[in-house]
Amino acid sequence: MEKNTPGYAEAIAEIEQILESFNSEQVDIDSLAAQVKRATELIAMCREKLRKAEEEVATVLREEPGEMA
């Protein structure tokens with residue numbers, strides 16, 4: 001991915017903006033493919049961030065079992 005990868009919240013906001021433009025029919029047909037590609041990239045990035053967060057949480061929970069009372 002590129003250096004200026006947005007954070008999770010920024011990516012979600014951009015996805016929502018793209019969806020809003022689709023729903024309001026303000027999409028320029030010439031940029032439709034580019035917007036779909038960008039949304040797909042953002043969704044993949046968000047999934048990866050969520051997967052990593054799940055792994056980190058699972059690791060923490062395995063390491064600290066006595067503190068979860």
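Tell me, please, whether a residue that is surrounded by 10 or more Cβ atoms within 10 Å (Cβ to Cβ), β-branched (Val, Ile, Thr) and modelled with pLDDT under 90 can be found in region 37-50.
Let us first name the residues in region 37-50 that are surrounded by 10 or more Cβ atoms within 10 Å (Cβ to Cβ), namely 37-50.
Those still in the list that are β-branched (Val, Ile, Thr) too: 40, 43.
Retained after the next criterion (residues that are modelled with pLDDT under 90): none.
Within region 37-50 (the criterion being surrounded by 10 or more Cβ atoms within 10 Å (Cβ to Cβ), β-branched (Val, Ile, Thr) and modelled with pLDDT under 90), the answer is no, since none of the residues qualifies.
Can you name the residue in region 14-32 that is among the aliphatic types (A, V, I, L, M) and modelled with pLDDT of 90 or more and is also most open to solvent (accessible area, probe 1.4 Å) among such residues? The residue in question is Leu19. Within region 1-13, the set of residues being open to solvent by less than 80 Å² (accessible area, probe 1.4 Å) and either part of a loop (DSSP other than H, G, I, E, B) or touching a Cys at 6+ places or on another chain (Cβ under 6 Å) (or both) comprises Thr5, Pro6, Gly7, Ala11.
The values are calculated or read from the model by the stated rules, or taken from the named source; none is laboratory data. These figures come from a predicted structure and were not determined experimentally. Neighbour counts are summed over all protein chains in view; Cβ atoms, including those assigned to glycine, are modelled from backbone coordinates with ideal geometry. Just so you know, the surface numbers come from the protein's heavy atoms only, side chains and all, with ligands and any DNA or RNA stripped out. Shrake-Rupley method; radii C 1.70, N 1.55, O 1.52, S 1.80 Å.
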